[in-house]
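Worksheet: the structure to be examined is printed underneath.
Any read-out appearing in this document is the output of simple, stated calculations on the displayed coordinates, not a laboratory observation. Since the model is a prediction, treat every value here as computed from it, not as a measurement. All Cβ positions, glycine included, derive from the backbone under ideal geometry; neighbour counts span all protein chains shown.
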Amino acid sequence: MKKFFLLLVMMPLMAYCQKTDTLKAKRFSIGLSYSPDYCYRFLASPNSLFKGVVEVRNKLGIPTFGYTTGVNFAYRFNRRFTLEFGAMFSKHGENMNFMDLIYSAPNPNDPIKAKVYYRYYYIGIPIKVDFDILTKRAKLYATAGISPNIFIMDKTITFYEYSDGTITEKSRIKDFAFSSLNLAAIAGIGFSYDFTKHFYIRVEPTFRCSIISINQEPVKDYLYSVGLNTGLYFKL
């Protein structure tokens, strides 16, 4: 009989502990995300001698498309705040329009125009804080943070056009002196929806911008992108 009463007393406590453990477990999430990005850069040079280079690059340069993808981890502190961090692979870049090629001694076999595509590849470790504006099953939130980005490689693709209309392509790796580590700021506003107790999705328009130059050249390049970060998350 004593054992029976002891069990009755312990059952609410056991249920409470189990519920608490479940709630704690659901604070953690892991997810996969992909963001198609609209990429470009802005230029700066402390040396006035390179002002002409900046003007020419701005005149010929055009944005291009890249992407950011990887795995994210999230920890929910309370019903408003969530800490996110992850490991992301990204491709950034810019394009240069066709420009006329001028030779001191022209040759009919030489190309007459050229255009260049620049591609930059990074591994990023984003760290963000999310603030939920709406806290129901459908959530609206704002997010901001930073991302240390480790430089992997750059790729330069040059297209040559000849007088007969033929176009050839040539690729090169590691043309410039890039910084091994870059730092970017991240900001966005997103929508989250819980499909079940364990699965939810996120759709997040995101802006990323370098706050440290990506290169060690006299003309400094600062990358930026606008993307639509979409992810599927699982609550642990």
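Brief remarks on what is shown
- Stretched out straight at 0.36 nm per residue, the stretch from L183 to Y67 would grow longer than its current Cα-Cα span by 40.0 nm.
- Cα centroid separation - segment 126-159 against segment 37-56, whole Å: 25
- Longest exposed-site-free window of the chain, the sites being trypsin sites (Lys or Arg not before Pro) in a DSSP loop that have at most 11 other C-beta atoms within 10 Å: 1-78
- All Cα-Cα separations within segment 158-201 were binned at 10 Å from zero, giving a P(r) of 15, 18, 17, 20, 21, 7, 1, each value a whole percent of the pairs.
- FRET efficiency, I167 to T230 (Cβ-Cβ, R0 25 Å, nearest 0.05): 0.10
- Across segment 229-236, computed HN-Hα scalar couplings (Karplus, 6.51 cos²θ - 1.76 cosθ + 1.60, θ = phi - 60°) run 7, 10, x, 10, 10, 10, 7, 7 Hz from first to last residue, x flagging Gly and Pro.
- Computed over every Cα-Cα pair of segment 100-157 and binned at 5 Å starting from 0, the pair-distance distribution P(r) comes out as 4, 12, 11, 9, 10, 9, 9, 8, 7, 5, 5, 4, 3, 2, 0 percent.
- Anisotropy class of segment 55-157 from Cα gyration tensor, a/c 1.5 cut: prolate
- The chain: C-alpha gyration tensor shape, a/c 1.5 cut-off, then a/b vs b/c: prolate
- Sorted by Cβ density within 10 Å, fewest first, the residues E55, E217: E55, E217
- Radius of gyration (Cα atoms) of segment 150-236, expressed as a multiple of 2.2 N^0.38 Å: 1.65.
- Above-threshold pairs, the threshold being 21 Å between Cα atoms, out of K113/K170; K91/K139; K170/K220; K128/K235: K91/K139; K170/K220
- In terms of its C-alpha gyration tensor, segment 48-109 comes out prolate, because a/c is 1.5 or above and the ratio a/b outweighs b/c.
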